[in-house]
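Data first, discussion second: the structure below is written as structure tokens.
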Amino acid sequence: MAKFEVLAKCHTTRARVSRLTLSHGITPLPTFMPVATQAAIKGLTAQQMESLGVTLILNNTYHLNLRPGVQILGEAGGAHKFQGWHKNLLTDSGGFQLVSLSKFTKITEQGALFESPFTGEPTMLTPEESMSIQHAIGGDIIMQLDDVVSSMTPDRARVEEAMERSVRWLDRCITYHNNSGKQTTQNLFAIVQGGLDSELRDRCLTQMIERKNDVAGFAIGGLSGGEEKDVFWRIVKQCAERLPDDRPRYCMGIGFAEDLLVCVALGVDMADCVFPTRTARFGVALTHRGPVNLRLAKYAYDFEPIDPDCPCPTCSAGTSRAMLYHVITRETAAAHAVTMHNIVFQARVMGGARDAILNGTFPDYLRTFFANYFADFGYPQWCVNALRSVGVDLLEGDSKIKVNKGTGAKWE
Amino acid sequence: MLSFTLAAPCARRPRTGTVRLRGVIEKTPAAMATTSRGVVPHLSRDQYNRAHIPWVHIPFESFLENNPPVPTLQPGPFPLHTFLGFDPDAHILSLSLRDPADGRETPANGAQYVAASTSRGVRRVTVADWRGHVHACKPDIVVAMPDIPWTNPPFSQKRTTKSIERTVSWLAHLLAPDPPLNILVHMAGGVNERARRAFAQSLVEPLDGLEAAAVKPLKCLDDGIIGYTFDLVPLRREIDVEDADKVSALLQSSLEPLPPTKLRVVISVVSPHQILRLIRDVGIDLFDVKWAQDAANVGVSLDFVFPVPQDDSQQGRDLGHNLYRSHYAHDFASLSTAACTCNACAPVVIKNAISHSQLDAHIASAPSGYTRAYIHHLLHTHEMGAHALLVLHNLAVVDKFFDGIRAVLARGDDFTAHVAAFAAQYDESLAIVNEARTMWKEVDVARGKGRIARERD
Ligand SMILES: [Zn+2]
Ligand SMILES: [Zn+2]
């Protein structure tokens, strides 16, 4: 089983620093997990990822089950060996992609019924099947199959049904997992559902926390579907407050720096998102002063690196914005360069949070981040609200700070 | 300045030598990597630094999209190296105006300019422009601007004569009177042996009068250059360059009047077989390996060695593996049968990783080599990492191939016999690459065009 040690807590917010020891090494938390959908971080090798100081990545079960499939992964000796990644790995349940990528998906009590992309045959993904696939992949953390509904679903009865079913499916996952013999090397996480309804969330939390002894961690699911940010953070806060102290908390599908820091302040330890790697391929580099869109002509003659203080291979080699402008969206190597930078940016944001929490300076760290990142754009109102709820007033002592009521992220 | 010394000064072919520039030493015959928009395709800087091909060729024309071209404003002592991210202590950069691999029809050149092709249309570049760009970018080696007609062949004798005259005059312009450059000259004259000989002749003719004054103290143009380039793409538009004897004859007609001591570069060979023949018959020193890079681009991992081991003769074997083929899905062998030390087959141990907090304590993994099955998976899931790993591998196979060539030549073995054995062992038609290209295109069509366009999700 995983070893999870909380090392320090922020004196003001609910943020904490911890150490998660899994079968493939130690991952310090809070951390951001880059997404290697098809057993590869777009264009980068496992060694490049390791050199960036990343110790935990995510693979998508839905995709790996289609290609290469569990048989080949079995022949390879698991997904770690297959992709040459010898650090920690998390797999999702496959349910989310099934619902979002399949043409036909019908949820029944037994599982999710979908059309096989290969044969067109109706195929069933049950909680047991999801466990079995994830066992074959061999991730250090595996996720329960949950009944996923969009956070924007207006139908409360459907959200309630999905929440209750997710609890029942958790039980089936636990039973299967605990009988598999894999529970010593692979760690099952539960996923809290309940949409944007705090009462449903509470009921879900109560039931899932009862199963704490059978799970290694908890995820907060069903968010990041386009809901109001002020609703988003309140649900995250509610979940993080009730989830047990001695289990890691994973907020699924978030990746903007401000979202990450707010969630950390609310007590979240882990997050994942395709955003930093996807946006890199479109030429957007993330920096502490906000995103830099390298496709803009204003960078054509800019001989500075993306961020002169960044330790990533791209910036430390002095690669200029001008050079990146010349090759971005034309050469894959440009995507690799910006992808490495963005992964390092995410890791720096989270690493900086770890240090600040350890040093007792996390509230200052938040203030500095927002001052650098949002000075011109204005602080997002929802971030101000969320951080106030855990005792940090970003606007305190400076009446000149602009506040941005919009919910959109800063962009260039 | 660059120095090139032959191991045995009299030997015209085949031959070995050494190129020295700053701290970089390149033993010849050797390989040269090619670039697209200044980048070795698919390799980030940290990855290219782990490949062992020191000589990189840069076509300049994509930089003409901006005026002034961006690298010409790059500060520092090595502007081109700095801009593109090559280490001056490890990499030799040569620069040509046009991409020598691009054989598409282009509007006619003028008496004073070349029509260069960019993604934003055609740009006219005068010899004075070229000189300015070169002095601003400071490449290690520059290819003098040649007048190669890119209009529809065949070309009249008049056009060929004009091409020769312009190429000579533009070379003279680059030679005078500024600080010395390492200059390579395109061997003009097209597919006419007499014209090629006449062009070469004009390089060694003693100059007089104004011409001599302009390039003082050089006695002839050849004194100011380090070597010759032979571009196969323009020849391919007019003759069948698979006709090895014809190509050798054309190249030799250029070399006849010239001193044997200078570097000989061939651009756009298509196979290792062709490389071996040109070394054997013409004494070529340097080849671009775009063909091997292109093989990686379409999913082929090269798998061949020179010399062919005595105990291993299998006629007509493929030069590599088309990793799109379905049986590779279950093949967990490394990318080539022959042992390979590239960063895909034997990844370096990451001793130092970036530390993001005081808690981060890096423990290096013991890396394992990537398998055919993994690359097969990446190719079929349209993951661009496949090509990065294949380029690393193919460059290493090619590097070893040249090691083998030099070793055979150094030992004084019967090179001709080894070339014959290689030709019997490996399929020269590159059927495997063509097959892979077809499968690559199918994937491409299925996912939208372009390398990046298919990375949208
Ligand atoms: Zn960077
Ligand atoms: Zn290799």
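The values are calculated or read from the model by the stated rules, or taken from the named source; none is laboratory data. Since we're looking at a predicted model, the values are computed, not measured. Neighbour counts are summed over all protein chains in view; Cβ atoms, including those assigned to glycine, are modelled from backbone coordinates with ideal geometry. Ligands, DNA and RNA are stripped out before the accessible areas are found, and what is left, the full protein with its side chains, is counted by its heavy atoms. Shrake-Rupley method; radii C 1.70, N 1.55, O 1.52, S 1.80 Å.
Distance from the Cα centroid of the range A:281-328 to that of the range B:363-393 is 26 Å (rounded to whole angstrom). Placing unit charges on the Cβ atoms of the charged side chains and taking the dipole of the protein assembly as shown about its Cα centre, the candidate lying farthest along the positive direction among A:S198, A:L7, B:P71 is B:P71. Charges were assigned to the Cβ only: +1 to each Lys and Arg, -1 to each Asp and Glu. The resulting dipole of chain A about its Cα centre is roughly 560 debye. A protection proxy built from the mean count of other Cβ atoms within 10 Å ranks the segments B:246-257, A:395-406, most packed first, as B:246-257, A:395-406. Rounded to the nearest Hz, the phi-derived 3J(HN,Hα) couplings of the range B:227-232 under the Karplus curve 6.51 cos²θ - 1.76 cosθ + 1.60 (θ = phi - 60°) are x, 10, 10, 10, 9, 7, where x marks glycine and proline. When the C-alpha to C-alpha distance is required to be over 21 Å, the pairs from B:K246/B:K441; A:K81/A:K212; A:K229/A:K405; B:K27/B:K400 that qualify are B:K246/B:K441; A:K81/A:K212.
Inter-chain Cβ neighbour count for B:362-368, averaged per residue, equals 6 (cutoff 10 Å, partner chain atoms only).
With a 10 Å cut-off around each Cβ of B:75-82, the average count of Cβ atoms from other chains is 1.
Taking 0.36 nm per residue of separation and subtracting the current Cα-Cα distance, fully stretching the chain between B:K351 and B:E238 would add 35.4 nm. Projecting label points 7 angstrom from Cα along Cα→Cβ for B:A364 and B:A417 puts them 4.4 nm apart. Just so you know, the Rg over Rh for the range B:233-316 is 1.01, from Cα atoms, with Rh as the Kirkwood radius. At a threshold of 20 Å², the residues of the range B:43-62 that become less accessible to a 1.4 Å probe in the full protein assembly than in their chain on its own are B:S44, B:R45, B:D46, B:Q47.
Simple point charges give the picture: +1 on the Cβ of Lys and Arg, -1 on the Cβ of Asp and Glu, and for the range A:280-404 a dipole about the Cα centre of about 360 debye. Take the accessible area of B alone and of A alone, subtract that of the pair with a 1.4 Å probe, and the total buried over both chains is about 5400 Å². Taking the charge dipole of the protein assembly as shown about its Cα centre, with +1 at Lys and Arg Cβ atoms and -1 at Asp and Glu Cβ atoms, the residue from B:L6, B:A417, B:C220 reaching farthest to the positive side is B:C220. Does the protein assembly as shown come out rounded, prolate or oblate, given a ≥ b ≥ c as the square roots of the eigenvalues of its C-alpha gyration tensor, rounded meaning a/c under 1.5 and, failing that, prolate meaning a/b above b/c? Prolate, because a/c is 1.5 or more and a/b exceeds b/c. One equal scatterer on each Cα of the range B:5-142, no solvent, Debye formula: the resulting log10 I(q)/I(0) at q = 0.09, 0.16, 0.18 Å⁻¹ is -0.31, -0.90, -1.06. Here the range A:25-176 yields Rg over Rh of 0.99, to two decimals, using C-alpha coordinates and the Kirkwood radius. The alpha carbons of the range B:11-84 occupy a box of 46, 24, 22 Å along the principal axes, longest dimension given first. The calculated P(r) of chain B, using every Cα pair and 10 Å bins from 0, goes 4, 19, 30, 27, 14, 5, 1, 0 in percent. Taken residue by residue and averaged, Cβ atoms of other chains lying within 10 Å of the Cβ of A:67-77 number 4.
Surface exposure of chain A, expressed per residue as accessible area with a 1.4 Å probe, stands at 34 Å². Remark: the Cα gyration tensor places the range B:269-315 in the oblate category, a/c being 1.5 or greater and a/b not exceeding b/c. Can you classify the range B:306-367 as rounded, prolate or oblate using the Cα gyration tensor, where a ≥ b ≥ c are the square roots of its eigenvalues, rounded means a/c under 1.5, and otherwise it's prolate if a/b beats b/c and oblate if not? Prolate, since a/c reaches 1.5 and a/b exceeds b/c.
Residues of the range A:327-348 that become at least 30 Å² less accessible with every protein chain present than in their own chain isolated, using 1.4 Å: which are they? Buried-area filter returns A:T329, A:R330, A:E331, A:T332, A:A333, A:H336. The simple Förster model, with R0 at 56 Å and r as the Cβ-Cβ distance, assigns B:V443 and A:D246 a FRET efficiency of 0.75. Over the range A:336-378, the alpha carbon radius of gyration divided by the compact-protein estimate 2.2 N^0.38 Å works out to 1.33. Scaled to the globular estimate 2.2 N^0.38 Å, the Cα spread of the range A:237-383, given as radius of gyration, is 1.12. Accessible surface area normalised per residue over the range B:372-426 is 26 Å², counting heavy atoms of protein chains with a 1.4 Å rolling probe. Helix-only arithmetic for chain A: the sum of -39500 (n - 2.57) across DSSP H runs with n ≥ 4, divided by the residue total, places the mean residue ellipticity at 222 nm at -12500 deg cm²/dmol. What the Cα atoms of the range A:308-412 give is an Rg and a Dmax of 16.7, 47 Å.
Over chain B, Cα pairs under 8 Å with separation of 6+ residues give a relative contact order of 16 percent. Label separation (A:K212 vs B:A407): 6.5 nm, computed from points 7 Å beyond Cα along the C-beta direction. One quarter of the surface of the convex hull around the alpha-carbon atoms of chain A equals 19.6 nm², the direction-averaged projected area.
Its relative contact order, with pairs defined as Cα atoms under 8 Å and 6+ residues apart, puts chain A at 17 percent. When the Gaussian network model of chain A links Cα atoms closer than 10 Å, the mean-square fluctuations of A:T339, A:T13, A:T206 top out at A:T206.
By accessible area, using a 1.4 Å probe on protein heavy atoms only, the protein assembly as shown has 52% of its surface on carbon and sulfur. Using the Cα centre of the range A:263-348 as the reference point, and only Cβ charges (+1 on K/R, -1 on D/E), how large is the resulting charge dipole? Debye, rounded to the nearest 20. It works out to roughly 300 debye. Between the residues A:A347, A:M131, B:L210, the greatest Cα displacement towards the positive end of the dipole of the protein assembly as shown, with unit charges on the Cβ of Lys, Arg, Asp and Glu, is found for B:L210. Taking GluC sites (Glu not before Pro) across the range B:186-279, the ones in a DSSP loop with at most 13 further Cβ atoms lying within 10 angstrom of their Cβ are B:E238.
Multiplying the residue separation of B:S313 and B:N67 by 0.36 nm and subtracting their alpha-carbon distance yields 83.0 nm. Each Cα pair under 8 Å and six or more residues apart adds its sequence gap; the mean of these over the residue count of the range A:315-412 is a relative contact order of 20 percent.
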